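Below you'll find the structure, written out as structure tokens, and then a few comments.
The numbers here are math on the coordinates, done by the rules we state, and not lab data. As the structure is a prediction and not an experimental result, all values here were calculated from the model. As a convention, Cβ positions derive from the backbone with ideal geometry for all residues, glycine included, and neighbour counts pool all protein chains shown.
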Ligand code: NAD
């Protein structure tokens, strides 16, 4: 089977990583969202943004992947899978997944706002850029609101030819990720599976729903792919 899997914050919730939309007061981990998640926020207040993501990274480092991450890794071993996550944590990798496409970036990569260079597994011992020499220009490689997500073209190519489109633990309010199921529907992808702890209005374009905790429902998904 050719399977496109999109994961969101819900898959990491049971590992202890806070989701984002579950806070509707505009505050995430104690900060106003627009101060740490909007395009230009790093340039406006580098130490606040750096500190916020460094704290988040330190919190994530102490979290372990859960059964849902592990079942996704098992599915990858049995099927042709493109695994895309909106998450900036590394729990899919820790669960054994390979080729994880981080469409919104990663806490474990660096990005120079001056020259655009990216750095894998960046330790953040310095935020001066070793590539262009600019001081204080390296931030966590996170795609902020107003910036372009990564890998969109590859995703469209894969979705256009897949048998299953699966969205796990994502609220479907952050575009363009939220529009991918509409694209799958328009392209005639036969099976569009929604896995979420709550049934939401945005599930209109899906034709299968697995409602419950991701750790409970991914066994059903695994079985569905075997049928
Ligand atoms: P979101 O917070 O908007 O939505 C989370 C979704 O997960 C909700 O629909 C909720 O009903 C569902 N959910 C919660 N617990 C669940 C569980 N145990 N099992 C199944 N579903 C569950 O997250 P989003 O849609 O990914 O979009 C928000 C943005 O926030 C993303 O761009 C992401 O980069 C970022 N974010 C990332 C992390 C992370 O890296 N772990 C955490 C928070 C936010």
Item to check | Efficiency of FRET between residue 125 and residue 147 - r from beta-carbon atoms, R0 30 angstrom, step 0.05 | outcome: 0.75
Checklist entry - Build a GNM of the chain with springs between Cα atoms under 10 Å: which of 106, 130, 97 gets the top mean-square fluctuation? => result 130
Checklist entry - What is the gain in length, in nm to one decimal, between residue 208 and residue 18 on full extension, counting 0.36 nm per residue of separation less the C-alpha to C-alpha distance? => result 65.8 nm
Next on the checklist: As a test, work out the antiparallel percent of DSSP beta bridges whose residues both lie in the chain, rounded to the nearest 5.
Outcome noted: 25 percent
Item to check | Efficiency of FRET from Cβ geometry, residue 161 and residue 113, R₀ 45 Å, rounded to 0.05 | outcome: 0.80
Next on the checklist: Given points 7 Å out from each Cα along the Cα-Cβ axis, report the residue 132 to residue 58 separation in nanometres with one decimal.
Outcome noted: 2.9 nm
Next on the checklist: Could you tell me the relative contact order of the chain? Use alpha-carbon pairs under 8 Å, at least six residues apart, and round to a whole percent.
Outcome noted: 23 percent
Next on the checklist: Compute the distance from the alpha-carbon center of the stretch 33-53 to that of the stretch 166-189, in whole Å.
Outcome noted: 28 Å
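For the chain, what is the mean residue ellipticity at 222 nm derived from helices alone (per DSSP H run of n ≥ 4: -39500 (n - 2.57); sum divided by total residues; nearest 500 deg cm²/dmol)?
Mean residue ellipticity at 222 nm (helix-derived): -9000 deg cm²/dmol.
Just want to confirm a number: the relative contact order over the stretch 49-142, from Cα pairs under 8 angstrom separated by 6+ residues, in percent.
Once divided by the residue count of the stretch 49-142, the mean separation gives 24 percent.
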Item to check | GNM top mover of 46, 176, 149 - the chain, alpha-carbon springs below 10 Å | outcome: 176
